[in-house]
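Reading through the structure tokens given below for one structure.
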Amino acid sequence: MTATDYNFAYLDEQTKRMIRRTILKALAIPGYQAPFASREMPMPYGWGTGGVQVTAAVLTPEDRLKVIDQGADDTTNAVSIRRFFARTAGVATTEATTEATVIQTRHRIPETPLTEGQILVYQVPIPEPLRFLEPRETETRKMHSLEEYGLMHVKLYEDIARHGAIATAYAYPVKVEGRYVMDPSPIPKFDNPKLCSPAIQLFGAGREQRIYALPPHCSVVSLDFEDHPFEPSKADAACGLCGATDSYLDEVITDDEGGRMFLCSDTDYCAGRQAAGHRGAAQEDAA
Amino acid sequence: MNAPAPVVASDAPLLRVRGLEKRYGARIGCAAVSFDLWPGEVMGIVGESGSGKSTLLGCLAGHMAPDAGEVLFDVGGVLRDTARMAEAERRRLARTDWAFVHQHAHEGLRMGVSAGGNVGERLMAVGARHYGDIRAQALDWLGRVEIAADRIDDRPTAFSGGMRQRLQIARNLVTGPRLVFMDEPTGGLDVSVQARLLDLLRGLVREMGLSAIIVTHDLAVVRLLADRLMVMKDGLVVEQGLTDQVLDDPQHAYTQLLVASVLQV
Amino acid sequence: MIEIDGLSKTFTLHNQGGAVIEVMRGAALRVAPGECVALTGASGAGKSTLMRMIYGNYRAAAGRIEIDGLDVARASPREILALRRRTLGYVSQFLRVVPRVPTVDVVAEPCRAVGLDAEAARERARALLARLNIPERLWALSPTTFSGGEQQRVNIARGFAHEYPALLLDEPTASLDAANRAVVLALIEQAKARGAAVVGIFHDAAARVQVCDREIDVSAFSPGAAA
């Protein structure tokens, strides 16, 4: 299976070393966007080139890789990245969160709590949390270095003024170790509390050439107002397949008559619950 | 006993400028500028385009670094050279003790953010974290600059020029600064709108005990707003003094020409 | 209160070949508290020039203008501003105000400047406006649209709002009807009674006679007079 014409995990060793140095720097300064010389990858920008480079740099032959896209192991993006590393690194792959040592993700954190020794790699489209309000990169860098984060709250203020509540539902900004404000990539804000984790979390933005990181157990606080505290919301329903009420749900349209159901976005979690005998409303109807 | 003697507030200038110079290569932006500004004083800087008045204002407000000289600002009773302090500290001053009103309101506003958000930004920048309080203060300030409360959630793109300028002023003054820099604050506005703005500025200056430095080429504006006047030409201060004295009894040839060139002010 | 010695004034017209025009030489004047001195002399003799120099509006070429111990000829702008705020009032012939400011606030301004609270200052302003027969319906309007006589009375009200220890009056009764003229003269008498030193220019001879203790002919200070 392994394509022997490639170096292990596709990237050459020099590049991996450069990326590892950047990762170490990012881990040393939690939440800081460390620049790196992003390489061209055999996939278009926006398909996870940043995450793939980080994964390539941290993979060892003994690792077991899991790749998810919106929580699912079986979507195109997840399948092709998993296959990419199976071919270029020959590493074992898995869909089980508990078995994986490295998990590359787009837009979700697995429901099953991560443990020490695991690495979660995020694909990040826009790493700069201040970009929405301040288009100048020179200025946002200065704002980070001087800890000028009033603007971040302006964004939340605008939400409340417009919608009566903080409407930001994903890429919800956080403050890391009381210092850097960070965009946690477009994960739903439901996942924000999981950013405090025993696992290592690495964020790679290929097009923007930035890597940032959360070392295990570091403090990650979602920004909010005293009178409008942060709420990790989700759809108020249970999974149609496994009946879970504690997991993040996707809404699925089932027919042309407005029929719909909610499903766990984390397919591994949902499958695990079903295997353990849990049943949702849709399963009961079918039975 | 070597600590600097505490200075009585009224005896200490708020801003002391000494030998300020800024060059663009061989060309002089401004040079040899020295003056003191006292709490509650409004100083006008006039001169034609290219006279160095905007360069001077930029150096005073920390937007550009002077090549020589000192810009001493009263920080907690001690005069500190803002041109040489760490950028973090200077920017902190810029969002607390200083305010800057741009000629073009869009340069001083966030056009994609509501009026309330624009006013609230400085509050949030200095740590306000209570939405209700921030909004209440924003409403209070919109009222003071005569913007109707029901416009609080509208973006400045929907505002007229005069409203934008008033919003910019509210956004700047909400944190109670001590020194306001204004670059042609009434430029480009209709005469009637200008009058309203002048009235507003004058009221705020007195009410809040603000000191202000106003760059303009409009002698009528300085006549009404400024206690003192500085006349610049080719980067140098050719004359300074009481506003009415400089305008009514100009001593320097250039000032005489300037005053004579304007319709009755 | 006001002591002037050896005061000279020249204008240098840089844009007219640097012509130097000497308009006053060796002016001297003393005004005690409670005294009113009229400046007289033909038109162009320098009455207004002298008055403007006392106010710090024109610069002196030489000499001393001491008001309440401060030499205006040498004082810094800041000192002159403080003097004008607390000590030295000036009623000019022209009303210069920020457009749109209500008349009552224009008149209250000098009291606000010396620290009186807004309502007390307005109360004082309303009393003066009423006394000077400015119709109450005009108080909330800007005086910029008023007639000449009304503007002049607003100017006077403003000049008398704060009880300055020294007052300069430039034609305070010009363009006033008999009733208002009487009010202004009464205001001047009152200022004198509370100890104000007053310097005035009055073309109105009867008014001059009524309120002034002395007359100074400024023609004596003109360089041509060769005293």
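Gap in Å between the Cα centre of segment A:117-146 and the Cα centre of segment A:43-65?
20 Å
Set the Förster radius R0 to 30 Å, insert the Cβ-Cβ distance between B:Ala260 and C:Ala174 as r into 1/(1 + (r/R0)^6), and round the FRET efficiency to 0.05.
Using R0 = 30 Å, I get an efficiency of 0.65.
Let me know the shape class of segment B:1-148, please: from the alpha-carbon gyration tensor, a ≥ b ≥ c as square roots of the eigenvalues, rounded when a/c is under 1.5, otherwise prolate if a/b is greater than b/c, or oblate.
Note, shape of segment B:1-148 comes out oblate.
Sort C:Cys111, A:Cys218, A:Cys270 so that the residue with the fewest other Cβ atoms within 10 Å of its own Cβ comes first and the one with the most comes last.
With the fewest neighbours first, C:Cys111, A:Cys218, A:Cys270 line up as A:Cys218, C:Cys111, A:Cys270.
List the residues, sorted by chain then number, that are 5 or more residues from C:Ser76 or on another chain and whose placed amide H is less than 5 Å from its amide H.
Amide H neighbours of C:Ser76: none.
Give the Kirkwood hydrodynamic radius (Å, one decimal) of the protein assembly as shown, defined as one over the mean of 1/r across all pairs of different Cα atoms.
When all Cα pairs of the protein assembly as shown are included, the Kirkwood radius is 31.6 Å.
Which lysines, if any, have their Cα less than 23 Å from the Cα of B:Lys233, not counting same-chain residues under 8 positions apart?
Result set, ordered by chain and number: B:Lys22, B:Lys53.
For the protein assembly as shown, what does the helix formula give at 222 nm: sum of -39500 (n - 2.57) over DSSP H segments with n ≥ 4, over the residue count, nearest 500 deg cm²/dmol?
About -10000 deg cm²/dmol.
What does the charge count around C:Lys192 come to, taking other residues whose C-beta lies under 15 Å from its C-beta (Lys +1, Arg +1, Asp -1, Glu -1)?
After counting each charged neighbour, the total is -1.
To the nearest 0.05, how large is the calculated FRET efficiency for B:Asp153 and B:His106 if R₀ is 22 Å and r is the Cβ-Cβ distance?
My answer for the efficiency is 0.70.
Restricting to chain B, compute how many DSSP beta bridges are antiparallel as a %, nearest 5.
55 percent
Over chain C, what is the relative contact order in whole percent, taking alpha-carbon pairs under 8 Å and six or more residues apart?
30 percent
Let me have the relative contact order for segment A:3-222, percent, based on Cα pairs under 8 Å that are six or more residues apart.
Value for segment A:3-222: 27 percent.
Once a ≥ b ≥ c are taken as the square roots of the eigenvalues of the Cα gyration tensor of chain A, is the result rounded (a/c under 1.5), prolate (a/b larger than b/c) or oblate (a/b not larger than b/c)?
Oblate is the answer for chain A, as a/c is 1.5 or above yet b/c matches or exceeds a/b.
For a quick check, take a GNM of chain C with Cα springs below 10 Å and name the residue from C:Arg59, C:Arg96, C:Arg25 with the largest mean-square fluctuation.
Highest fluctuation of the listed residues: C:Arg96.
Karplus couplings for segment B:177-193 from phi (6.51 cos²θ - 1.76 cosθ + 1.60, θ = phi - 60°), rounded to Hz, Gly and Pro as x?
Calculated HN-Hα couplings, in order: x, 9, 9, 10, 9, 10, 10, 6, x, 10, x, x, 9, 4, 4, 5, 5 Hz.
Looking at C:Gly224, C:Phe160, C:Ile188, which one has the Cα that reaches farthest to the positive end of the dipole of segment C:132-227 (charges on Cβ: Lys, Arg +1; Asp, Glu -1)?
Checking the options against the dipole of segment C:132-227, the answer is C:Phe160.
Most fluctuating residue of C:Pro110, C:Pro102, C:Pro77 in a GNM of chain C with Cα springs under 10 Å: which is it?
With Cα springs under 10 Å in chain C, the top fluctuation among C:Pro110, C:Pro102, C:Pro77 is at C:Pro77.
Which shape class applies to chain B: rounded if a/c is under 1.5, otherwise prolate when a/b exceeds b/c and oblate if not, where a ≥ b ≥ c are the square roots of the Cα gyration tensor eigenvalues?
It comes out oblate by the Cα gyration axes.
What does the charge count near B:Met208 come to, summing +1 for each Lys or Arg and -1 for each Asp or Glu among other residues with Cβ under 11 Å from its Cβ?
So the surrounding residues net to +2.
Taking the Cα centroid of segment B:215-250 and of segment C:122-142, what is the distance between the two, rounded to the nearest whole Å?
Going from one Cα centre to the other spans 33 Å.
Sort B:Val101, A:Val252 by Cβ crowding within 10 Å, fewest neighbours at the top.
A:Val252, B:Val101
Using only atoms on other chains, find how many Cβ atoms lie within 10 Å of each Cβ of peptide B:121-131 and report the average.
6
Take every DSSP beta bridge with both residues inside segment A:3-222 and express the antiparallel ones as a percent of the total, to the nearest 5.
Expressed as a percentage, antiparallel bridges in segment A:3-222 total about 50.
Values quoted throughout were computed directly from the atomic coordinates according to the rules given, and no laboratory measurement underlies them. Treat the numbers as computed from the prediction; the structure is a model and nothing was measured. Counting neighbours? That spans all protein chains shown, and the Cβs are built from the backbone with ideal geometry, glycine included.
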